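Beneath this line is the structure, given in structure tokens, with notes to follow.
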Amino acid sequence: MTRTPVNVTVTGAAGQIGYALLFRIASGHLLGPDTPVNLRLLEITPALKAAEGTAMELDDCAFPLLKGITITDDAKTAFDGVNVALLVGARPRTKGMERGDLLEANGGIFKPQGEAINAGAADDVKVLVVGNPANTNALIAQQHAPDVPRERFTAMTRLDHNRALSQLAKKLGVAVTDIQNMTIWGNHSATQYPDLFHAKVGDKTAAEAVNDQEWLENDFIPTVAKRGAAIIEARGASSAASAANAAIDHIYDWVNGTEWTSMAVPSDGSYGVPEGIISSFPVKCSGGSYEIIQGLEIDEFSRARIDASVAELVEERDAVKGLGLI
Ligand code: NAD
Ligand code: LMR
């Protein structure tokens, strides 16, 4: 059976995550081994030549599923007919830059990209924002795409989720596949809350299995939440292959279904998170859609941590509102 290729746009395609991501998309890891893809690479003008180099390498792999590559510095061209949009390119914080400057610089990227998605995306478009600050960049793009259902704009906390699985598996001496129902709540930042009270190992909660509140509070949570900074310290550059891997996991599960994962999605008011804020929740995916898993009991310990991370997201939303970006 010949299937119509899926249009996948990657922004920041010449960056380090882009380099780790594109080959896996083209080899079928994003959408599965039966789905052909067209790749659209969006870059800023000075990086187009580097993107062309990556495209030459993609050609040289002779991937059977890769049906076409477009390289452009024009957002309208990049997002025309897009089915899956991976917004990776963002403005990193540089020396002397205040938070407001960073948000403003990213507003300059995610506002026009939201507008271009609104103008040209396919009806089934799914958007994942990876570029930091990911949750708030997703909000900016979403607010400039009023014709796209708002739940299609998501941000990435799957890397945090995978980090949490790995740390817990090591502590308990179990396989990552022995752990179910891991959840990251809140922002993709140091305030995020990796939750061991709803994660399960066999018939116990992960918190019961660990039975070490000191480790949970003073080791596990900060290790997961500050892992991005630890990677930067060790590598001299931010995580790239693991971030690309998490982006693949996020879209693969959204498209193909999963019983439980973490995604930053627009809040519908669940768990007291103000409506509209793009915050990480436990979600279930099926039939190409997701829903926030309902009915979890949140104790005082978890409540305080979820609230702190959500408060940071509200602050970021208010800051971009104040700057006229949404
Ligand atoms: P990088 O600097 O290597 O690459 C970024 C690329 O984006 C560059 O090639 C740049 O030219 C491009 N770019 C900048 N503005 C653009 C625009 N307007 N349109 C298209 N492309 C544009 O950075 P990286 O290591 O690939 O990381 C990318 C982003 O992902 C950063 O913001 C980083 O902080 C973030 N990140 C997020 C997570 C997460 O878990 N959510 C994890 C790791 C990294
Ligand atoms: C990560 O979690 O690895 C990144 O978001 C860190 C960063 O600031 O790029």
Taking segment 82-120 as the search range and keeping residues that are touching a Phe, Trp or Tyr at 6+ places or on another chain (Cβ under 6 Å) and of a type outside the set (Val, Ile, Thr), which one is surrounded by the fewest Cβ atoms within 10 Å (Cβ to Cβ)? Gly120
Are any of the residues in segment 138-149 more than 14 Å from ligand 1 (Cβ to nearest atom), under 25 Å from Leu216 (Cα atoms) and either small (Gly, Ala, Ser) or surrounded by fewer than 24 Cβ atoms within 10 Å (Cβ to Cβ) (or both)? no
List, please: which pairs have Cβ atoms under 7 Å, are six or more places apart or on different chains, and start with a residue in segment 133-153 that is in contact (Cβ under 8 Å) with a residue 60 or more places away in the chain and away from ligand 2 (no atom under 16 Å from the Cβ) and end with one that is among the aromatic types (Phe, Trp, Tyr) and in a helix (DSSP H, G or I)? Ile140/Phe110
Which residue pairs have Cβ atoms closer than 6 Å, lie 6 or more positions apart in sequence or on different chains, and pair a first residue in segment 4-18 that is in a loop (DSSP other than H, G, I, E, B) with a second residue that is of a type in the set (Gly, Ala, Ser)? Gly12/Gly18; Gly12/Gly89; Ala13/Ala51; Ala14/Ala47; Ala14/Ala50; Ala14/Ala51
Pair list, Cβ under 7 Å, 6 or more apart: segment 53-79 residue modelled with pLDDT under 95, other residue in a helix (DSSP H, G or I): none
In segment 87-132, anything of a type in the set (Gly, Ala, Ser) and in contact (Cβ under 8 Å) with a residue 60 or more places away in the chain is listed as Gly89, Ala90, Gly100, Gly107, Ala122, Gly131
So Ser286 ticks every box in (1) farther than 30 Å from Gly32 by Cβ; (2) loosely packed, with under 14 Cβ neighbours inside 10 Å but one. Which box is left unticked? (1)
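The values are calculated or read from the model by the stated rules, or taken from the named source; none is laboratory data. Please read all numbers here as calculations on a predicted model, not as lab measurements. A quick note on method: Cβ atoms are made from the backbone with ideal geometry, for glycine too, and the neighbour counts reach across all protein chains shown.
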